[in-house]
Ligand SMILES: [Zn+2]
Ligand SMILES: [Zn+2]
């Protein structure tokens, strides 16, 4: 999996939280933070995530977010849009165990992007379409059938129009 450099707004300092009592929390508001999911699939993420200190050197991020996905349509390759409303629950520890579900607290910060990235990718449909009844691209003449008529019949002299 590619390493992604997180947007500054998704790197949340938790030094103060960790210095406080267990149960102490702080709220982070995300507003249209850009995340790259795959080479051609992007998301703008908005939401409210609460970070709570659970133990010494451990924090949990919980909340809900909305990911506005932009990706090429699986049939016609035009830009397609999709909104997902998702829940986040991610544990962070200063020295996480070999359990890969727990993410590290690195230099006093938690990386929400990594958690949001995982959750969004897992919930991404296999095929994203620009519209439910997208007609795709003609394998014969290559036109986008949503916008143009297939030219195959004309060239074959079977024009029924
Ligand atoms: Zn399409
Ligand atoms: Zn055609």
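No lab work stands behind these numbers, since they all come straight from the coordinates. Because the structure is a prediction, the values reported are computed rather than measured. Cβ coordinates were reconstructed from backbone atoms using ideal geometry, including for glycine residues, and neighbour counts include every protein chain displayed.
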Segments 108-114, 24-30, 121-127 sorted - mean Cβ within 10 Å per residue, highest first:
108-114, 24-30, 121-127
Compute the acute angle (0 to 90°) between the alpha-carbon long axis of helix 112-123 and the principal axis of greatest extent of the alpha-carbon atoms of the chain; round to the nearest 10°.
40 degrees
Where both residues lie in the chain, what percent of DSSP beta bridges are antiparallel, nearest 5?
95 percent
If each residue's Cβ is checked for other Cβ atoms within 10 Å, how do 54, 38 rank with the fewest at the top?
38, 54
When 65, 106 are arranged by how many other beta-carbons sit within 10 Å of their Cβ, fewest first, they go 106, 65
How large, in Å, is segment 1-91 by the Kirkwood hydrodynamic radius built from its alpha-carbon pairs?
14.7 Å
Among 34, 83, which comes first, second and so on when ranked by fewest other beta-carbon atoms within 10 Å?
83, 34
Sequence gap at least 6, Cα distance under 8 Å: using those rules, report the relative contact order of the chain to the nearest whole percent.
19 percent
